[in-house]
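Report on the following structure.
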Amino acid sequence: MFKNSPLYSIVWNKCPRCHEGDFFVTKSAYHRHFDRMHDHCPHCGEVLTPEPGFYWGAMFVSYAYYTMYTLATFFLFVSWLKIDLDYYLAGLVPTLVLLTPYFFRLARRTWLTFFVSYDPAKTRLSVGRS
Ligand SMILES: [Zn+2]
């Protein structure tokens, strides 16, 4: 995937500023501490938690991901493969529960990427941290 693209940091759990440092502490979304984030990027020092309550907006991004997933699987299984709606719904609910940690992390990375653009030269460590 293109390293200059904002999608790079969203998909690969990287800081949106430098695309090098990890965003979350754990690599896997299915770890006991899946929600632990670095306060600052371990590579460039970018603030990953700008202010208290910043990630409330990520809740709406998460909702969008759930909606896209639900619509995509609906059209795939019900409209295209003609699977009965009851079977589809019985399979949908467990997958949504299983995808919760993944969408949680994906939504937070997406939300911060709205506000922080890729610019590896403009790092906090290069200008000095106060
Ligand atoms: Zn960084």
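The values are calculated or read from the model by the stated rules, or taken from the named source; none is laboratory data. Since the model is a prediction, treat every value here as computed from it, not as a measurement. FYI the Cβ positions are ideal-geometry reconstructions off the backbone, even for glycines, and counts take in every protein chain you see.
Hey, any hits in the stretch 92-108 for a residue that's among the small types (G, A, S), more than 16 Å from the ligand (Cβ to nearest atom) and in contact (Cβ under 8 Å) with a residue 12 or more places away in the chain? Within the stretch 92-108, one or more residues are among the small types (G, A, S), more than 16 Å from the ligand (Cβ to nearest atom) and in contact (Cβ under 8 Å) with a residue 12 or more places away in the chain.
Y65 fulfils the conditions (1) modelled with pLDDT under 95; (2) more than 16 Å from the ligand (Cβ to nearest atom); (3) touching a helix residue (DSSP H, G or I) at 6+ places or on another chain (Cβ under 7 Å) except for a single criterion, (1).
If the condition is being assigned to a loop (DSSP other than H, G, I, E, B), within 12 Å of the chain's Cα centre (by Cα) and either within 14 Å of the ligand (Cβ to nearest atom) or modelled with pLDDT of 95 or more (or both), then the stretch 1-39 contributes W12, N13, C15, P16, F23.
Filtering the stretch 40-52 to residues that are over 11 Å from L112 (Cβ atoms) and assigned to a loop (DSSP other than H, G, I, E, B) leaves P42, H43, C44, G45, E51, P52. Residue pairs whose Cβ atoms lie under 7 Å apart, sitting 6 or more positions apart in sequence or on different chains, and linking a residue in the stretch 29-53 that is free of Cβ contacts under 8 Å to residues at least 12 places away in the same chain to a partner that is part of a loop (DSSP other than H, G, I, E, B) and within 16 Å of the ligand (Cβ to nearest atom), are H33/V25; D39/L48; D39/T49.
P120: assigned to a helix (DSSP H, G or I), in contact (Cβ under 8 Å) with a residue 60 or more places away in the chain and surrounded by 13 or more Cβ atoms within 10 Å (Cβ to Cβ), yes or no?
no
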